[in-house]
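See below for the structure under consideration.
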Amino acid sequence: MSSDRKTGDHGVDRVLHFWDPAKDSKAGKGVISVKGTIAVNPGMVRDLAGTVDHQGADFGILITLQEPTDGMRTEARKAGVYKYNNQREIPRLQLVSAADLFKEFLPLQLPPEEARNGCKMTVIAEPGADDVKGGLFGE
């Protein structure tokens, strides 16, 4: 069942802010768009490309209920890459299905974790360890 209800989010469901030392502002931005419809198509990827441009984002992630089609993957590749810190290439448009969210490793390329969180995270406890290391961020 489809819904014609507009959410007013302009195609953005979440925004990722991260640190990019190569930028004058040192601020990078990624946008996430979620489409819950059963029918998926390349137009959704083109819409995401427009949203990324309009939002001034460096990359966008499209999460779909269904597996992305070959046409969608082709459209995503056309968008090229964003170079994090002028070095690491991150696809400008990335596609993820709902099923991918349940995999051990998400098929995404993102800025390094410490850039996304503003500080380096440490392991709280190794599996089977008796004591817990300092807090979530090693404090």
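The values are calculated or read from the model by the stated rules, or taken from the named source; none is laboratory data. Here the structure is a predicted model, which means the values were calculated and not measured. Note that we place each Cβ from the backbone using ideal geometry, even for glycine, and neighbour counts take in every protein chain shown.
Mind checking whether some residue in region 118-138 is under 21 Å from Val31 (Cα atoms) and modelled with pLDDT of 85 or more? No: zero hits.
Do you know which residues across region 14-42 are of a type in the set (Lys, Arg) and assigned to a loop (DSSP other than H, G, I, E, B)? Even if it seems obvious, please write down each step before you answer.
The first filter runs over region 14-42 and keeps only residues of a type in the set (Lys, Arg), leaving 14, 23, 26, 29, 35.
If the condition is that a residue be of a type in the set (Lys, Arg) and assigned to a loop (DSSP other than H, G, I, E, B), then Lys23, Lys26 are the ones that fit.
Residues checked against (1) closer than 18 Å to Val31 by Cα; (2) buried (at least 20 other Cβ atoms within 10 Å of the Cβ); (3) touching an Asp or Glu at 6+ places or on another chain (Cβ under 6 Å):
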residue	(1), (2), (3)
Leu62	yes, yes, no
Asp70	no, no, no
Glu75	yes, yes, no
Tyr82	yes, yes, yes
Gln87	no, no, no
Pro91	yes, no, no
Leu110	yes, no, no
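Checking the stated criteria, Lys35 turns out not to satisfy the condition of being under 15 Å from the mean Cα position of the chain (by Cα), more than 21 Å from Asp100 (Cα to Cα) and not β-branched (Val, Ile, Thr).
Could we say that Val45 is at pLDDT 90 or above and not in a strand (DSSP E or B) here? Criteria met by Val45.
Asp58 passes every criterion in (1) surrounded by 11 or more Cβ atoms within 10 Å (Cβ to Cβ); (2) over 19 Å from Asn85 (Cα atoms); (3) at pLDDT 90 or above apart from (2). Answer yes or no as to whether Lys35 is loosely packed, with under 12 Cβ neighbours inside 10 Å and among the basic types (Lys, Arg). No: the conditions fail for Lys35.
Among the residues of region 1-38, how many are β-branched (Val, Ile, Thr) and at pLDDT below 90?
We begin by selecting, within region 1-38, every residue β-branched (Val, Ile, Thr); these are 7, 12, 15, 31-32, 34, 37-38.
Filter again for at pLDDT below 90, leaving 7.
Final tally of qualifying residues: 1.
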